[in-house]
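Below is one structure, written out as structure tokens; the observations come after it.
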Amino acid sequence: MESGSGISIDELETLVVEGFKEAYPGIEEGKIVHMARNFAQVLSGIISIGSSLGGDNGINQMDVANALVHSCVWESSLGERLFGNEAEIGAGSMPALTEEEERKYAAEISARVADWLVGINVTKKMGESAFNDFIKGALALGAEAWERDRANIKY
């Protein structure tokens, strides 16, 4: 089985395991391999989605940022609480978080971003096409309509 960019899932898992070992020194071998294999499956699926879309939309820095934020924040437990169907946000108010919740959400998002950075490094090692497929696939999961022009973003 190939990941969508001409690399087998076994080869992708090997690259992700190496990336996780480099990124997370000190984590025991069995745990790092388990974490890496899980992430390799996710990465393979995202790359396959991006590959199936075809073409090159001229990936830019905002595409990478949008894909990362969607995958690591929007799809996190905090994102679900703030943006999901269960969100109970009144007119412009944010739900109060306990210190324990803040730490839990921050840890989850940081872990997701750290894994995603491994994904960026791995797909770049695989070649520009794999990296572009990774970003396109991640965008297709819900951020494809997000603003792509940094000059248009005001906050």
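Want the number for A23 to V42: 0.36 nm per residue separation, take away the alpha-carbon distance, what's left? Intermediate values should be presented prior to the final figure.
Numbers: separation 19, 0.36 × 19 = 6.84 nm, distance 1.77 nm.
Residue separation times 0.36 nm, minus the Cα-Cα distance, leaves 5.1 nm.
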Length gained, S52-L141, 0.36 nm per residue minus C-alpha separation, equals 30.8 nm
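First obtain the Kirkwood hydrodynamic radius of segment 1-54 from its Cα pairs, then insert it into the Stokes-Einstein equation at 20 °C and 1.002 mPa s, and state the resulting D in µm² per second as a whole number. Present the calculation step by step, with values, prior to reporting the outcome.
Details: Rh = 11.4 Å.
In µm²/s, the coefficient is 188.
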Classify the chain as rounded, prolate or oblate, taking a ≥ b ≥ c as the square roots of the eigenvalues of its Cα gyration tensor: rounded when a/c is under 1.5, otherwise prolate if a/b is larger than b/c and oblate if not. oblate
Using alpha carbon centers only, segment 11-74 is separated from segment 95-155 by a whole-angstrom value of 10
Calculated FRET value between E108 and R150, using beta carbons and R₀ = 30 Å, to 0.05: 0.65
Express the relative contact order of segment 9-152 as a whole percentage, based on alpha carbon pairs under 8 Å and six or more residues apart in sequence. 39
Tell me whether segment 102-155 comes out rounded, prolate or oblate; compute the Cα gyration tensor, take square roots of the eigenvalues as a ≥ b ≥ c, and use a/c under 1.5 as the rounded threshold. oblate
Per-residue [θ]222 nm for the chain (sum of -39500 (n - 2.57) over DSSP H runs n ≥ 4, rounded to 500): -21000 deg cm²/dmol
Förster radius 22 Å - calculated FRET efficiency between M62 and L117, Cβ distance, rounded to 0.05: 0.80
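Rule-based calculations on the coordinates, nothing more; no lab input. Quantities reported herein were computed from a predicted structural model and do not represent experimental measurements. Using ideal geometry, Cβ is built from the backbone for each residue, glycine included, and neighbour counts are taken over all protein chains shown.
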